[in-house]
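S.K.: Supplied in C-alpha cells, the structure appears directly below.
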Amino acid sequence: ILQAVLYGWFVRRVQRFARTASPQTQDILHLLASEMNLKRSPAILVSPLVQTPVLVGIFKPILYLPQREYSHDEKRLTLRHELVHYRRHDVLYKFIFLLVCAVHWYNPVVWLLSRQAAKDIEIACDDVIVNGLDNGQRALYGQVILDGIIRKRSMVSVLSTQLGGSKRTIKQRLKNLFDFKAKRHGALALCAVVLSLG
C-alpha cells in the first residue's frame, strides 16, 4: 500500500511539470524503436523533477527525460537503454518482485533475491546495448551510466527503471561492460523469486 501511494504521488508530481520532448528526440526514439522491431514506443516527456531517464507505468509506459542537453550519441544510448526495458516489460517484473516481497515480507532471503534480480535486469539490459559496440562506444555508454550516479538525487519510484543506481551496482555494471565472456543473468535469483510464489 505504501509503495502504491508513493508511486501515485511520484507519477502525479512528475507529470505535472512535464512537457513534450523535442521533435528531434521523438524522431530518434521512433527510429530506434523501428530498428528494434517494436510496434510502438512509449510516450516521451521531459521533466525538471527527474535527473536521470526514468521509465514508469505497466500498461501505458511513459519515458521521462531530465531537462538537460545530451549529445546525439548519448541520447541514442540513453533512449535505447530505456527501450530495451520497455521491450522486456521490466517494470512489470519489478511489480511482480514487489508483490512477492509483500507476501513474504518476513523472509529476508526473498528481499535479497528481489534486489539481486533488479540488478540483473540492469546488467542484462546493458549487455544488449553494448553488443556489437567497440571499446570507445562502450566507454561512452559507461560515461552515461556514471552520469546516473552523479545525478542520483532525483525523484525515483520502485516501479520504474532508471539509468543510474547505487555506487556498488554501477561499479559492477561498468566492469561488466568490458567483460566479453558469455554470461547468464539472474537465472538463479529469478527462479528463486518465482518459486517463492508457491
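The values are calculated or read from the model by the stated rules, or taken from the named source; none is laboratory data. Fair warning: this is a prediction, and the values are worked out from it, not measured in the lab. A quick note on method: Cβ atoms are made from the backbone with ideal geometry, for glycine too, and the neighbour counts reach across all protein chains shown. Just so you know, the surface numbers come from the protein's heavy atoms only, side chains and all, with ligands and any DNA or RNA stripped out. Shrake-Rupley method; radii C 1.70, N 1.55, O 1.52, S 1.80 Å.
S.K.: Could you please give the count of residues in segment 1-45 that are open to solvent by 30 Å² or more (accessible area, probe 1.4 Å), modelled with pLDDT under 90 and among the aliphatic types (A, V, I, L, M)?
M.R.: Result for segment 1-45: 6.
S.K.: If you don't mind, there's one more thing I want to ask. Hey, any hits in segment 145-167 for a residue that's of a type in the set (A, V, I, L, M, F, W, C), open to solvent by 80 Å² or more (accessible area, probe 1.4 Å), at pLDDT 80 or above and out of contact with any Cys (no Cβ under 9 Å at 6 or more places or on another chain)? Please lay out each step first, then the result.
M.R.: Within segment 145-167, the first condition is being of a type in the set (A, V, I, L, M, F, W, C), and the residues that meet it are 145-146, 149-150, 155-156, 158-159, 163.
Okay, now just the ones that are also open to solvent by 80 Å² or more (accessible area, probe 1.4 Å), so 150.
With the extra rule that they be at pLDDT 80 or above, the set shrinks to none.
Within segment 145-167, not a single residue is of a type in the set (A, V, I, L, M, F, W, C), open to solvent by 80 Å² or more (accessible area, probe 1.4 Å), at pLDDT 80 or above and out of contact with any Cys (no Cβ under 9 Å at 6 or more places or on another chain).
S.K.: Quick check on my filter: what residues within segment 67-89 are buried (at least 17 other Cβ atoms within 10 Å of the Cβ) and modelled with pLDDT under 90?
M.R.: Tyr70
S.K.: Being surrounded by 16 or more Cβ atoms within 10 Å (Cβ to Cβ) and not aliphatic (A, V, I, L, M) is the filter; apply it to segment 96-115 and report the residue that is farthest from Tyr7 (Cα to Cα).
M.R.: So, considering only residues that are surrounded by 16 or more Cβ atoms within 10 Å (Cβ to Cβ) and not aliphatic (A, V, I, L, M), the one farthest from Tyr7 (Cα to Cα) is His104.
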